[in-house]
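Right, one structure below, let's go through it.
The values are calculated or read from the model by the stated rules, or taken from the named source; none is laboratory data. If you're wondering where the values come from, they're calculated on a predicted model, not measured in any experiment. Cβ placement follows ideal geometry from the backbone for every residue including glycine, while neighbour counts extend to all protein chains displayed. Areas reflect the complete protein model, heavy atoms only, side chains present, ligands, DNA and RNA absent. Shrake-Rupley method; radii C 1.70, N 1.55, O 1.52, S 1.80 Å.
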Number of protein chains: 2
Amino acid sequence: MSQQLVVGIDIGGTNTKFGVVDRRGNILCDGRMLTNQYEDVNDFLDELHQHLSVLIEQAGGMENIKGIGVGAPNGNYYTGNIEYAPNLRWKGIVPLASLLEQKFGVPTVLTNDANAAALGELIYGAARGMKDFIVITLGTGVGSGIVANGQLIYGHDGFAGELGHCIVIPDGRPHPGTGALGSLEAYASATGVTASALEFLATRPDTPSILREHSKEEINSKVIYEAAMKGDPLATEVYEFTGKILGEALANFVMFSSPEAIILFGGLTKAGDLIMKPVREHMEKNVLPIFQNKVKLLFSELKESDAAILGASALAWEMKD
Amino acid sequence: MSQQLVVGIDIGGTNTKFGVVDRRGNILCDGRMLTNQYEDVNDFLDELHQHLSVLIEQAGGMENIKGIGVGAPNGNYYTGNIEYAPNLRWKGIVPLASLLEQKFGVPTVLTNDANAAALGELIYGAARGMKDFIVITLGTGVGSGIVANGQLIYGHDGFAGELGHCIVIPDGRPHPGTGALGSLEAYASATGVTASALEFLATRPDTPSILREHSKEEINSKVIYEAAMKGDPLATEVYEFTGKILGEALANFVMFSSPEAIILFGGLTKAGDLIMKPVREHMEKNVLPIFQNKVKLLFSELKESDAAILGASALAWEMKD
């Protein structure tokens, strides 16, 4: 019989989310558990197995399940391993896909969360029918998944698509995690936006801002967003600055793979035109004429709360039988 | 019968080179003609047809020819057209592939010269057996061809792989052709190296250099290369500067597609370690730890005089039957 369902598992530093998904991206049932409460990955998997078994039973049993897709930090598509993930307690190399295959008896594929997000857009979202596009996730960090010729680009080792770590300002702002100077993630993430606001508050004393009523510790991307929505001049400048840097970076990505669309996902996109106007302007300004006014800038069509499970589940549909 | 030969045609701004090539990359016979002496592309094609017919006859006749591959500026793989090539006399859109198919009666494929170079390395050269690599051509300009998952990345419109036009120094040196500020080509091309030397001669009066014995007009990439080979301090600094910028750019390319190798081709590579040492150093310094000491930096294995014909001919082997 044809198996009509897949399982998607998204392993994050804090939560692990999982669900049973159909071809159209309907999540039939889902659940979550804490990731880092388990020092031993086998205890984590036992617990996950219990939770998922209940859901799968609800969905008609294992015979309906084609396979399992997993999105995980530092997830390697080729090996099925999580490799040296800095935000997880399981150190070194964890053969997660094969452990899950043993537990559930169905094919299991794994990649990082941004690659999974790109497949989610391809199968269920804004990129349906496209063969060439890039997804950029703008959250705590900046992730990316690149599809070219209809396939996700994994690179020779499974680690392609780390666009957040491209250097966009040589010798620029240090990245708090990697130490690299001037990477995209140091500017276009929630952390980056906060750093820009603190910088502007210190260096632009003449720009009025309600952010000055907050202590340094209170400044975060949410507070800045709310200020910008009220027309706060300094918060607006922060979005313009962030949008310029992101737009310049996107221009370089366009020159690489000439995508039909770039799909943006995550917290920063909530600012709408405030960020998208400078992004579009500086992207267009920096591409060659042959690319101008061709690349669609889209927002993700997946509900943010569902996107992680959907992305992971999309991997299982893409599996070769 | 199995057709054992293909035709490669490389259309450049000055010369058009063509040859008959076997599976192993042996050029059985070849020739050349001037490109821009023909105002009408049909006159150009008549002449090309005459030349090639003689060569094909020598190689056993049309029945041995599987197809024709063409490398051309602004060559679009999907349409087979040359589109608005600034260096050619034929303006607008020229349906070159279909015109050649009509003349010769065999399938004809066209792409730009840097993409053709990448296929040349894949079929006959340093990238044999690789599925993920990038070729960077460092000549008068900087071109690139990107292979991922074993396929050339053409992008949604056929124009992917314009890495020479990536912005590497925001608001940096203007590109003489495009006007863009700080593109890789403005630094890492023959023209860019010359510009750097002239800049250093003006701004570093204390650095001794035999280049100071030349007039401005005499300074070019060849003179700078010869000075550097003699240990000239200023010329050496020019290569270090160029290598740093190129290495930083390559780091970003690695973060994009995680290639097994980057293959460098063209004039600048003649400087050997003088440029490759800083390239390697700054590439490694700017990639994430997961990419460090993994990416091979290779020189092209194709003889420079043969590479254009071989690259174009490789397209014809890659054609789907």
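Out of region A:99-164, which trypsin sites (Lys or Arg not before Pro) are coil in DSSP terms and have no more than 16 other C-beta atoms within 10 Å?
Those that pass, being in a loop and sparsely packed, are A:128, A:131.
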Leaving ligands, DNA and RNA out of it, rank B:43, B:306, B:206, A:132 by accessible area with a 1.4 Å probe, largest first. B:206, B:43, B:306, A:132
Under a cut-off of 29 Å between alpha-carbon atoms, report the lysines in cross-link reach of residue A:244, not counting same-chain residues fewer than 8 places apart. A:131, A:216, A:222, A:230, A:270, A:277, A:285, A:294, A:296, A:303, B:244, B:285
Over region A:9-68: Rg over Rh, Cα atoms, Kirkwood Rh: 0.98
Diffusion coefficient, µm² s⁻¹, Stokes-Einstein with Kirkwood Rh over alpha-carbon pairs of region B:92-164 at 25 °C and 0.890 mPa s: 184 µm²/s
Assuming a viscosity of 1.306 mPa s and a temperature of 10 °C, what translational diffusion coefficient in µm² per second does Stokes-Einstein assign to region B:1-143, Rh being the Kirkwood radius over Cα pairs? 102 µm²/s
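Residue A:293: net charge of surrounding residues, Cβ under 11 Å, Lys/Arg +1, Asp/Glu -1, itself excluded?
+2
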Residue-wise HN-Hα coupling along region B:105-122, computed from phi with Karplus coefficients 6.51, -1.76, 1.60 (Hz; x: Gly, Pro): x, 10, x, 10, 10, 9, 8, 7, 5, 6, 4, 4, 4, 5, 5, x, 5, 5
What is the set of long-range amide H partners of residue A:160 at a cut-off below 5 Å, with H atoms built 1.01 Å from backbone N? A:155
Whole-percent carbon and sulfur share, accessible surface of chain A, 1.4 Å: 50 percent
Summing Lys, Arg as +1 and Asp, Glu as -1, what charge do residues with Cβ under 15 Å from the Cβ of residue A:60 carry, residue A:60 excluded? -1
How much of the calculated P(r) for chain B lies past 37 Å, in percent of all Cα pairs? 20 percent
Once Lys and Arg are counted +1 and Asp and Glu -1 for all other residues with Cβ under 14 Å from that of residue A:48, the total becomes -4
Computed over the protein assembly as shown, protein heavy atoms only, probe 1.4 angstrom, the accessible area per residue in square angstrom equals 41 Å²
Inter-copy label distances at residue A:272 (7 Å, Cα→Cβ; nm, one decimal): 6.3
Quick one: work out the % antiparallel among DSSP beta bridges in the protein assembly as shown, nearest 5. 60 percent
Derived scalar couplings ³J(HN,Hα) [region B:260-274; Karplus, 6.51 cos²θ - 1.76 cosθ + 1.60; whole Hz; x for Gly, Pro]: 5, 8, 10, 10, 9, 9, x, x, 4, 5, 4, 6, x, 4, 3
Any residue on another chain or 5+ positions along whose placed amide H is under 5 Å from the amide H of residue B:67 is listed here as B:7
Going 7 Å from Cα along the Cα-Cβ axis for the label, what nanometre distances separate residue A:61 from the same residue across the other copies? 6.7
With just the Cα atoms of the protein assembly as shown, tell me how far they stretch along each of the three principal axes, in Å, largest first. 74, 69, 41
Taking alpha-carbon centroids only, region A:36-64 lies from region A:190-220 a number of Å equal to 44 Å
Sorted by chain and number, the residues with a modelled amide H under 5 Å from that of residue A:26, at a separation of 5 or more or across chains, are none
Output ³J(HN,Hα) for region A:187-201: one whole-Hz value per residue in order, computed from phi by the Karplus curve 6.51 cos²θ - 1.76 cosθ + 1.60 with θ = phi - 60°, and x for Gly and Pro. 10, 9, 9, 4, 4, x, 4, 4, 4, 4, 4, 4, 4, 5, 4
Could you list, bin by bin from short to long, the percent of Cα-Cα pairs of region A:129-300 in 10 Å steps? 10, 38, 34, 13, 3, 0
